[in-house]
């Protein structure tokens, strides 16, 4: 360690500390400020002459001018290797349960722990052979990690082509033991283990090419999958005022989304919500693997009262872990709750650096940082021919619920789907509170585009009629308009809303969505023999009740079939006659 | 080791600068002015230039005044002797009692490791039906009371302090009118709760810097009691004054304001206080109820807005009542399934009917004809407001549930309530 630079503190302002140093330091280099026997992890964020300004990831109480600082020569990085799944980390990849063992109730500063268990042995099977030419990100072998095949890579930081000199035989190894030796072009040997470090602020680019996100990621939420879908490798954001259900929606996604790995970044939010996940997930089963949901999950937890600088880091830590599992040909979903808190962390630091502020005092580079973060999502073709993806879903907490603010606007520029939550819908206890009138998505959904368009059109018409009705009253509305209004209202109640507490209704798969939406197009795209408004209201209320009951029945079950028959019977009673448009949609004419 | 300096280089607002060496960040100093002694805290180090924030304010500080560094951070003395005592924002007694200096604990300490928290699942009874029955308060919850100035929020807090099932009450008053301070003192001593209460009081006439210390002092004490297996209820009033003090200080220090003049770290600052609410596994707990006045009844104002993102719901005090619609306890479902089996169903039904009453009232005001059903709703709504919503109503949860059934029975037929039949059979009052 002595060969690294040392420095001395010359000023302290909040968590921004200036350090005078000799020799060379690099931007984003990690250093430790020594105070009262503790060493506080910090990152260089600006260099001016012989003074480096560093942000300290801990509380800076007690630091004095003249305190020693040791530079490490390394950038902020995470340790990648088997054993990441199921972990609960803070923003700097310290495992929180381990910190609790060392420090007890509180997160004492200067206490750090190894991110991965160095003692544990993993069963390594080699795939590469001596003499192979290998590059960064190519596969040396694999170990089983829970239900997954965890590939062991040539470390991403090795930049040239290497010849594999030797590789370990199949057997049990710890993650720091040498399992292979690579030779570079100058004949120098490089020993490689099953784990390596990667700087979090650099995207992992060990892939052949980036592919277009075209496959829908099923979330089991009807309003998303059918109307505002998210693709594997795509990005979406969920802005909404407090209490609109952002976290509940993210929580549902983390449980039901059709992906291999879920990474939850609890960034600057309530600790209680993390506790809920921690209590609930080990008890739930992942339908794909049949194992505990926790085994496909990594939680990066930097809650609102934990230091702000590591809140900023936590977003990068999460996305790096997501990219790592993507390299294995897996589909990864990263849920960041909430990116606004991350943006606020940037704002706090920018203020201390006395940078010229942009809108609402956010730094001018806010947009490019947000764009760079979401651009780390994507579906890629990997060196071994498989594909993997990182999907990023970020919740946004706009001040006052106003979507005009900088973070929401910067995010909307770069994401592929916008699921805007509205106070009106959440106040009306509609879940999910995604507002169909403002949301959009650029990805293909699981039902035909024609059907989606038809149903969306109905919602729009319904909302126009409903606002008109507020002025002229029901009496002043024509029967045909009133029926459109009732149809839109029914669509909202039976398809767009979902009961997140009901196991069947909350988990509505693609096949079921296709089936039910087709039925809905038929029912809503038909004309009925209805005499007056009361008759119409009564008819659609009954129809609506049938559909709601239908939603609670297991797909394909006896109950399901029976309830469907009741819908058909009611349809007959109402003398339903399907319109030409709906009929052509159902025949697939417009899909 | 206590260095003394006699030369103050600059004085701006509440911040003074001295040349000194070996000073620690956030170290305390004592400054002696012609008006007496005051504490000051180091807020910036730049070489040997040390900036301090003077708790009593910069008024009357002279360049020749004496600054003595104390070698320690801001702390609060902790022991059972705190109970029944009243302190100011500097931790000095303002009740003529003796000063406490033993067993000093740091304030604003680190946050609790999330993996050592447990899921909030114990009800905290207050005997206020609008809380216990409709938006149950849960041990370790953090809830603000959103209110317009002029609402009886301090009366509500005082009542909760006297009636809540908590071992220790810690009251933090920020920018309190002196009358309100006297009211609290009087109400708590009459109610017999003074002996389990600690008060940290900053009145509107006290220096701004002390206002900022109040939540940290109150919460540090609460945390210590909680670690001694006590269930602690922290009452803070008013957090908007705290935020305004922060704004005032940030602006005099030339920080770039973000939204309506508030500093960019308003969210983090509020969160680091509210997140002190905790239920320690196998030990005590801290529950926080904090008044947040909304300037102009505007919930999108930065203080209530940021608060809403941090807390687990809110009580919305309006027209002297806790509004059932704006109010929300996010944790109520953790507990209200275990109280009495009719609790949830009755709560839902009564709120649903009350919402219908509101609609009917609107129709009535617009001059529409009233049906028989409308008549029932009107009768129900008025009864509900008088007998359950009124803040003076003082009933245990069970009594409130029984009263709820009585009100329903007086206004409606059984099948008009939309409650499951088996519950109706069991609880519908016999006439």
Any residue at all in the range B:213-221 that's out of contact with any strand residue (DSSP E or B) (no Cβ under 6 Å at 6 or more places or on another chain), under 22 Å from residue B:294 (Cα atoms) and away from every other protein chain (no Cβ under 14 Å)?
yes
The listed residue being within 14 Å of another protein chain (Cβ to nearest Cβ), exposed (fewer than 15 other Cβ atoms within 10 Å of the Cβ) and more than 25 Å from the chain's Cα centre (by Cα), out of A:36, A:61:
A:36
Does the range A:273-284 contain any residue that is buried (at least 21 other Cβ atoms within 10 Å of the Cβ) and more than 14 Å from chain B (Cβ to nearest Cβ)?
no
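Any residue that is free of Cβ contacts under 8 Å to residues at least 12 places away in the same chain and either part of a loop (DSSP other than H, G, I, E, B) or not assigned by TED's automatic domain parsing to the domain that holds residue A:510 (or both) - is there at least one of those in the range A:544-565? Break it down into steps so the answer makes sense when it comes.
The first filter runs over the range A:544-565 and keeps only residues free of Cβ contacts under 8 Å to residues at least 12 places away in the same chain, leaving A:545, A:556-562, A:565.
Filter again for either part of a loop (DSSP other than H, G, I, E, B) or not assigned by TED's automatic domain parsing to the domain that holds residue A:510 (or both), leaving A:556-557.
Yes: the range A:544-565 contains one or more residues that are free of Cβ contacts under 8 Å to residues at least 12 places away in the same chain and either part of a loop (DSSP other than H, G, I, E, B) or not assigned by TED's automatic domain parsing to the domain that holds residue A:510 (or both).
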Check A:79, A:84, A:27 and return the single one that is at pLDDT 95 or above, surrounded by fewer than 21 Cβ atoms within 10 Å (Cβ to Cβ) and within 34 Å of the chain's Cα centre (by Cα).
A:79
Go through the range B:11-22 and give me each residue that's part of a loop (DSSP other than H, G, I, E, B) and either more than 12 Å from chain A (Cβ to nearest Cβ) or modelled with pLDDT of 95 or more (or both).
B:13, B:14
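Out of all the residues in the range B:333-342, which are within 11 Å of another protein chain (Cβ to nearest Cβ) and touching a residue at least 60 places away in the same chain (Cβ under 8 Å)? Explain how you work it out, then say what you get.
Step one: of the range B:333-342, the residues within 11 Å of another protein chain (Cβ to nearest Cβ) are B:333-334.
Passing the criteria: only B:334.
If you go through the range A:25-46 one residue at a time, how many are part of a loop (DSSP other than H, G, I, E, B) and closer than 14 Å to residue A:75 by Cα?
Here is the first cut: in the range A:25-46, the ones part of a loop (DSSP other than H, G, I, E, B) are A:25-28, A:36-37.
Now drop any that are not closer than 14 Å to residue A:75 by Cα, which leaves A:25-28.
Residues flagged as part of a loop (DSSP other than H, G, I, E, B) and closer than 14 Å to residue A:75 by Cα within the range A:25-46 amount to 4.
Yes or no: the range B:361-371 includes at least one residue that is assigned to a helix (DSSP H, G or I), touching a residue at least 12 places away in the same chain (Cβ under 8 Å) and either within 17 Å of residue B:129 (Cβ to Cβ) or in the same structural domain as residue B:407 (by TED's automatic domain parsing) (or both).
To start, the set of residues in the range B:361-371 that are assigned to a helix (DSSP H, G or I) comprises B:361-365.
In the following step, the residues that additionally are touching a residue at least 12 places away in the same chain (Cβ under 8 Å) were identified as B:361, B:364.
Subset that is either within 17 Å of residue B:129 (Cβ to Cβ) or in the same structural domain as residue B:407 (by TED's automatic domain parsing) (or both): B:361, B:364.
There is at least one residue in the range B:361-371 that is assigned to a helix (DSSP H, G or I), touching a residue at least 12 places away in the same chain (Cβ under 8 Å) and either within 17 Å of residue B:129 (Cβ to Cβ) or in the same structural domain as residue B:407 (by TED's automatic domain parsing) (or both).
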Anything in the range B:23-32 that is more than 8 Å from chain A (Cβ to nearest Cβ) and either surrounded by fewer than 20 Cβ atoms within 10 Å (Cβ to Cβ) or assigned to a loop (DSSP other than H, G, I, E, B) (or both)? List them, or say none.
B:30, B:32
Say we look at the range B:295-332 and pick out the residues that are assigned to a helix (DSSP H, G or I) and within 9 Å of chain A (Cβ to nearest Cβ); which of these is farthest from residue B:135 (Cα to Cα)?
B:302
Check residue A:198 against each of (1) assigned to a loop (DSSP other than H, G, I, E, B); (2) closer than 30 Å to residue A:415 by Cβ and name the one condition it does not meet.
(1)
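Regarding the range A:89-102, can at least one residue be identified that is more than 31 Å from the chain's Cα centre (by Cα) and either within 14 Å of another protein chain (Cβ to nearest Cβ) or at pLDDT below 95 (or both)?
no
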When you go through B:8, B:94, B:86 one by one, which is the residue that is more than 14 Å from every other protein chain (Cβ to nearest Cβ), over 29 Å from residue B:236 (Cβ atoms) and at pLDDT 90 or above?
B:8
When the range B:246-283 is checked residue by residue, the ones that are surrounded by fewer than 23 Cβ atoms within 10 Å (Cβ to Cβ), more than 8 Å from chain A (Cβ to nearest Cβ) and assigned to a loop (DSSP other than H, G, I, E, B) are B:253, B:254, B:260, B:261, B:281, B:282, B:283
Any chance residue B:385 is in contact with a strand residue (DSSP E or B) (Cβ under 9 Å, 6 or more places away or on another chain) and assigned to a helix (DSSP H, G or I)
yes
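Consider residue B:375 carefully, then state whether it is in the same structural domain as residue B:134 (by TED's automatic domain parsing) and surrounded by fewer than 18 Cβ atoms within 10 Å (Cβ to Cβ). Before you say what the answer is, go through the steps one by one.
Numbers: in the same structural domain as residue B:134 (by TED's automatic domain parsing): no; surrounded by fewer than 18 Cβ atoms within 10 Å (Cβ to Cβ): yes.
Against the criterion (in the same structural domain as residue B:134 (by TED's automatic domain parsing) and surrounded by fewer than 18 Cβ atoms within 10 Å (Cβ to Cβ)), residue B:375 does not qualify.
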Examine the range B:110-117 for a residue that is under 30 Å from residue A:302 (Cβ atoms) and away from chain A (no Cβ under 14 Å), and state whether such a residue exists.
no
The condition from (1) touching a strand residue (DSSP E or B) at 6+ places or on another chain (Cβ under 6 Å); (2) farther than 29 Å from residue B:294 by Cβ; (3) crowded, with 21+ Cβ neighbours inside 10 Å that residue A:387 misses is numbered (3)
Just to be sure, is residue A:244 buried (at least 21 other Cβ atoms within 10 Å of the Cβ) and at pLDDT 90 or above?
no
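If you scan the range A:174-192, which residues turn out to be outside any loop (DSSP other than H, G, I, E, B), touching a residue at least 40 places away in the same chain (Cβ under 8 Å) and surrounded by fewer than 19 Cβ atoms within 10 Å (Cβ to Cβ)?
Quick first cut of the range A:174-192, residues outside any loop (DSSP other than H, G, I, E, B) only: A:174, A:178-183, A:189-192.
Then keep just the ones that are touching a residue at least 40 places away in the same chain (Cβ under 8 Å); that gives A:174, A:179-180, A:182, A:192.
Scanning the range A:174-192 gives a single hit, A:174.
Take the range A:103-141 and flag every residue that is away from chain B (no Cβ under 14 Å) and within 14 Å of residue A:83 (Cβ to Cβ). Lay out the reasoning, then the answer.
Taking the range A:103-141 first, the residues away from chain B (no Cβ under 14 Å) are A:114-141.
Answer for the range A:103-141, where residues must be away from chain B (no Cβ under 14 Å) and within 14 Å of residue A:83 (Cβ to Cβ): A:114, A:115, A:116, A:117, A:118, A:119, A:120, A:121, A:122, A:123, A:124.
Against the condition in a helix (DSSP H, G or I) and either out of contact with any helix residue (DSSP H, G or I) (no Cβ under 8 Å at 6 or more places or on another chain) or within 12 Å of another protein chain (Cβ to nearest Cβ) (or both), how does residue A:385 come out, does it pass?
Numbers: in a helix (DSSP H, G or I): no; either out of contact with any helix residue (DSSP H, G or I) (no Cβ under 8 Å at 6 or more places or on another chain) or within 12 Å of another protein chain (Cβ to nearest Cβ) (or both): yes.
In short, no.
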If only one of A:346, A:335 is touching a strand residue (DSSP E or B) at 6+ places or on another chain (Cβ under 8 Å), assigned by TED's automatic domain parsing to the domain that holds residue A:405 and crowded, with 20+ Cβ neighbours inside 10 Å, which one is it?
A:335
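The values are calculated or read from the model by the stated rules, or taken from the named source; none is laboratory data. This one's a predicted model, so the numbers in the text were calculated from it and none came from an experiment. All Cβ positions, even for glycine, are placed from backbone atoms using ideal geometry, and neighbour counts span all protein chains on display.
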